[in-house]
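Enquirer: Attaching a single structure in structure tokens format; questions to follow.
Throughout, read-outs are computed from the coordinates displayed, never taken from laboratory work. What you see is a predicted model, and the numbers here were worked out from it, not measured in a lab. Neighbour counts are summed over all protein chains in view; Cβ atoms, including those assigned to glycine, are modelled from backbone coordinates with ideal geometry.
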Amino acid sequence: MVCGGTGCTSSDSNQIIAKLNQEIAGHGIQEQVEVVRTGCFGLCELGPVVIVYPEGIFYSRVEVQDIPKLVEAHLLHGKPYEKKIYEKTKQDGETLNFEETEFYKKQVRIALHNCGVIDPENIDEYIGSDGYQALGKVLKTMGRQEVIDTIKQSGLRGRGGGGFNTGLKWEFAAKQDKKQKYVICNADEGDPGAFMDRSILEGNPHSVIEAMAIAGYAIGSSQGFIYVRAEYPIAVQRFVKALAQAREYGLLGDNILGTGFCFNIDVRLGAGAFVCGEETALIHSVEGHRGMPTPKPPFPAVQGLWEQPTIINNVETLANVAQIILKGAAWYAGIGTEKSKGTKVFALGGKVVNTGLVEVPMGITLREVIFEIGGGIPGGKKFKAVQTGGPSGGCLTEEHLDCSIDFDTLTSLGSMMGSGGMIIMDEDTCMVDVARFYLDFTRDESCGKCTPCRIGTKRLLELLDKITEGKGSMEDLEKLENLSVQIKNASLCALGQTAPNPVLSTIKYFREEYMAHIVDKK
Ligand code: SF4
């Protein structure tokens with residue numbers, strides 16, 4: 001298996017695949033060995049990654065010039081090519097299967113299942129790993145309400161940031177007495193550093209198609225849309241290919257699996273506006289209008305796309321659906337905490353050894369994710385803070401390392417789950433700079449529709465600039481806090497309502513760093 005995710009592709013994994021095929025053919029073993037381009041394995045820091053089965057040996061930072069020796073040692077003589085084995089796989093001289101390593105052993109891959117396992121461009125491989133069985137089960141043996149009840153009982157909550165109960169959302173739409181309803185997959189992942197939705201689309205696109213068809217059946221919809229950012233070319237190309245294959249196999253279109261159920265999916269490309277991840281803005285963009293939020297209610301489940309009932313679920317949420325249908329609500333609800341069920345995918349970034357994608361059960365601690373799975377802080381530096389929830393979230397400190405990662409705990413600490421960005425900072429990071437970075441992002445991405453966000457984020461940034469330039473006073477710090485609260489309370493959509501979070505959380509936990517920048521301390 002060779003990782004064909006965006007990260008490894010940008011580090012020449014296509015050339016590695018070509019060289020592997022060339023060497024394998026050169027040795028005449030092409031009948032015994034198949035080279036598969038998969039989606040992301042998660043350990044992006046060590047890419048390009050190659051895993052050789054059946055042993056499950058994990059080769060890291062593979063280069064094209066390694067391939068002749070790797071093929072000769074491992075594939076011809078059955079001996080792992082020592083030079084490129086992921087070093088943590090060695091224990092007592094034995095080479096471990098990669099799933100037993102520190103990075104993988106605490107992970108539970110539900111949304112990411114099949115990523116790094118199958119060829120995402122081959123529908124037969126998806127079908128061969130239980131793919132489309134959930135759709136068959138739903139269409140042939142389950143009533144619409146039964147599907148909704150199963151998703152409700154599983155406790156699945158939206159993974160795009162809102163955390164709303166997915167089954168309940170579906171039920172609201174199902175209850176609307178309208179002929180036309182829509183299912184939208186939100187793939188407009190915009191948090192800096194987050195790439196979990198991108199990886200799912202690149203590594204397992206059929207899981208999203210299958211879930212959208214199941215959702216369509218559950219709410220009584222025949223039409224779906226995926227809104228995906230155009231900056232994700234590999235994801236878009238694989239999803240479009242997967243759609244064509246699903247149509248060819250009769251898994252999309254009219255009379256799916258001979259059951260009379262009709263469902264189609266069209267692709268809409270987003271142009272990279274962060275605000276278009278907000279569901280009302282996304283709907284306007286799909287309709288062909290400028291992507292700007294509108295007040296809720298009405299909620300999209302009642303009046304959404306072209307004023308018809310519409311459910312919007314993000315990619316990661318949908319990637320859980322087929323597994324829940326196949327394994328049951330109780331199985332899913334048995335993972336995680338009382339109010340946050342299942343798993344969450346995080347994009348680990350910043351000052352951490354193992355940057356990449358991890359999927360962990362809800363309720364795991366920040367310490368386990370950062371120090372056990374993430375391998376800790378590089379260069380023996382000290383951990384300082386972790387930012388969860390991207391520009392809408394907040395920074396947490398060492399005292400929070402043993403807190404549980406779940407929707408409610410993170411919110412109670414002044415941060416949030418968000419879509420799953422997790423940026424780690426070490427002792428060298430200036431927290432005022434961090435707040436400034438995120439605010440600069442939200443100021444840029446403000447759609448400008450409402451004054452508190454449009455003008456407020458600009459004024460906040462000016463205050464932060466003044467402070468970081470060493471020209472700030474205590475009065476400025478007070479203004480920063482007051483204005484942040486005003487913006488949170490008065491903005492129209494979640495972008496503005498959460499934009500001050502990085503400022504407020506860094507003032508709360510790192511006030512001394514602001515004070516260090518302030519000259520006039522009176
Ligand atoms: Fe636009 Fe910001 Fe107002 Fe949202 S809060 S509508 S992004 S100006």
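Enquirer: Can you list residues from other chains, or at least 5 along the same chain, whose modelled amide H is less than 5 Å from the amide H of residue 270?
Expert: HN-HN under 5 Å from residue 270: 228, 229, 230.
Enquirer: Only bridges with both residues in the chain count here: give the DSSP antiparallel percent, nearest 5.
Expert: In the chain, DSSP labels about 50 percent of beta bridges as antiparallel.
Enquirer: What are the ³J(HN,Hα) couplings of the range 421-428, residue after residue, when phi is run through the Karplus curve with 6.51, -1.76, 1.60 and θ = phi - 60°? Round to Hz, x for glycine and proline.
Expert: x, 9, 9, 9, 10, 9, 4, 7
Enquirer: Please name whichever of 285, 265, 349 sits farthest to the positive end of the charge dipole of the range 253-363, dipole taken about the Cα centre and charges placed at Cβ: Lys and Arg +1, Asp and Glu -1.
Expert: Of the candidates, 349 comes out farthest on the positive side.
Enquirer: Now for a different question. Mind ordering 170-178, 16-24 by average Cβ neighbours within 10 Å, highest first?
Expert: In decreasing order of mean packing, 170-178, 16-24 become 16-24, 170-178.
Enquirer: Would you mind checking 178/341; 449/488; 152/178 for any pair whose Cα atoms are more than 20 angstrom apart?
Expert: 178/341; 152/178, as the Cα separations exceed 20 Å there.
Enquirer: Compute for the range 169-327: radius of gyration divided by Kirkwood radius, i.e. Rg/Rh, restricted to C-alpha atoms, rounded to two decimals.
Expert: Reported Rg/Rh, Kirkwood definition of Rh: 0.94.
Enquirer: Show which lysines lie in cross-link reach of residue 351 when reach means a straight Cα distance below 23 angstrom and same-chain residues fewer than eight apart are skipped.
Expert: 88, 105, 106, 381, 382, 384, 508
Enquirer: Using the Cα centre of the chain as the reference point, and only Cβ charges (+1 on K/R, -1 on D/E), how large is the resulting charge dipole? Debye, rounded to the nearest 20.
Expert: Working: 54 positive and 66 negative charges, 276 e Å.
Charge dipole of the chain: 1320 debye, to the nearest 20.
Enquirer: Also, quick follow-up: If the cut-off is 16 Å between C-alpha atoms, which aspartates and glutamates fall inside it for residue 79, apart from same-chain ones fewer than 8 positions away?
Expert: Qualifying aspartates and glutamates at Cα under 16 Å: 55, 66, 87, 94.
Enquirer: Same structure, new question: Could you tell me how many cubic angstrom of Cα convex hull volume the range 39-155 has per residue?
Expert: Dividing the Cα hull volume of the range 39-155 by its residues yields 144 Å³.
Enquirer: Within straight cross-link reach of residue 479, meaning Cα distance under 20 Å, which aspartates and glutamates are found once same-chain residues fewer than 8 apart are removed?
Expert: Answer for residue 479, where 20 Å is the Cα cut-off: 433, 440, 462, 465, 469, 512, 513, 520, listed by chain and number.
Enquirer: Using only DSSP helix segments of four residues or longer, with each worth -39500 (n - 2.57), what per-residue ellipticity at 222 nm results for the chain after dividing by its residue count and rounding to 500?
Expert: After summing the helix terms and dividing by the residues of the chain, the value is -11500 deg cm²/dmol.
Enquirer: Also: Mind ordering 510-517, 225-232 by average Cβ neighbours within 10 Å, highest first?
Expert: Ranked from most to least packed, the peptides come out as 225-232, 510-517.
Enquirer: Among the helices of the chain (complete DSSP H runs), which have Cα atoms covering no less than 15 Å along the helix axis and a Kyte-Doolittle mean of at least -1.0?
Expert: 13-26, 144-154, 205-219, 233-248, 315-327, 431-445, 451-468, 474-490
Enquirer: Same structure again: Sorted by packing (mean other beta-carbon atoms within 10 Å per residue), highest first, where do 310-318, 346-354 land?
Expert: Highest-to-lowest ranking by the protection proxy: 310-318, 346-354.
Enquirer: Moving to a separate point now. So what is the diffusion coefficient of the chain in µm² per second by Stokes-Einstein at 25 °C and 0.890 mPa s, using a Kirkwood Rh over Cα pairs?
Expert: Translational diffusion coefficient: 102 µm²/s.
Enquirer: Separate question: Less than 10 Å Cβ to Cβ from residue 105, Lys/Arg counted +1 and Asp/Glu -1: what total charge do the surrounding residues give?
Expert: Within the 10 Å Cβ shell, the charges total -3.
Enquirer: Over the range 131-207, what relative contact order in percent results from Cα pairs under 8 Å that are six or more residues apart?
Expert: In percent, rounded to a whole number, it is 21.
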